[in-house]
1. What residue, of Ile22, Ile78, Ile37, is part of a strand (DSSP E or B), farther than 22 Å from Val125 by Cβ and either over 13 Å from the mean Cα position of the chain (by Cα) or hydrophobic (A, V, I, L, M, F, W, C) (or both)?
2. Does Ser60 fit the bill of being in contact with a Cys (Cβ under 9 Å, 6 or more places away or on another chain) and either buried (at least 20 other Cβ atoms within 10 Å of the Cβ) or free of Cβ contacts under 8 Å to residues at least 12 places away in the same chain (or both)?
3. I'd like the residue in region 1-53 that is touching a residue at least 60 places away in the same chain (Cβ under 8 Å) and of a type in the set (A, V, I, L, M, F, W, C) and, out of all such residues, is farthest from Gly104 (Cα to Cα).
4. If Leu95 passes every condition in (1) part of a strand (DSSP E or B); (2) farther than 15 Å from His8 by Cβ; (3) out of contact with any helix residue (DSSP H, G or I) (no Cβ under 9 Å at 6 or more places or on another chain) but one, which one does it miss?
Amino acid sequence: MKTNRMDHICIAVKDLKQAQKIWGPVLGKSKPDVEYIDESEKIKVARYWLENVGFELMESTSSDGEVAKFIKKNGEGIMLLSLNVDNTRKAMNELQQKNYPFIGGPRPFKGCEFAFIHPDKMNGVLLELIDFKGNEFDEN
């Protein structure tokens, strides 16, 4: 599998607006570069661009969302790392042949797909593969 780059890092937070006040000055940004709600994933996101890597703060929009569950179990903090790949499905097939377990199948997002490798295989890290190729700023 070819990894193109680190795509983004996600921090699970309880209060997105409060987290922006904490992280913004450290990142040298007065506001996020991109903000969105992903209803299917039950998250509200503030994304900051650091060079070509996204730094995301994520708040759950539901008490049964994955971010809420993560915070309940682990507290706020780094929830996942995401790697950009050419094709999520091909990367999944290749890694599944090498016994990498995935959580569900590929999921749609802004004209691309992403998938999660189970953290039990990745030293406790939830790893996402995503094949996003566009300019995110053009899609808002």
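1. On inspection, the qualifying residue turns out to be Ile37.
2. Values: in contact with a Cys (Cβ under 9 Å, 6 or more places away or on another chain): no; either buried (at least 20 other Cβ atoms within 10 Å of the Cβ) or free of Cβ contacts under 8 Å to residues at least 12 places away in the same chain (or both): yes.
No: the conditions fail for Ser60.
3. Val34
4. Checking Leu95 against (1) part of a strand (DSSP E or B); (2) farther than 15 Å from His8 by Cβ; (3) out of contact with any helix residue (DSSP H, G or I) (no Cβ under 9 Å at 6 or more places or on another chain), the one that fails is (1).
Throughout, read-outs are computed from the coordinates displayed, never taken from laboratory work. Predicted, not measured: the structure shown is a model, and the values here were computed from it. Cβ: placed from backbone, ideal geometry, glycine included. Neighbour counts: every protein chain shown.
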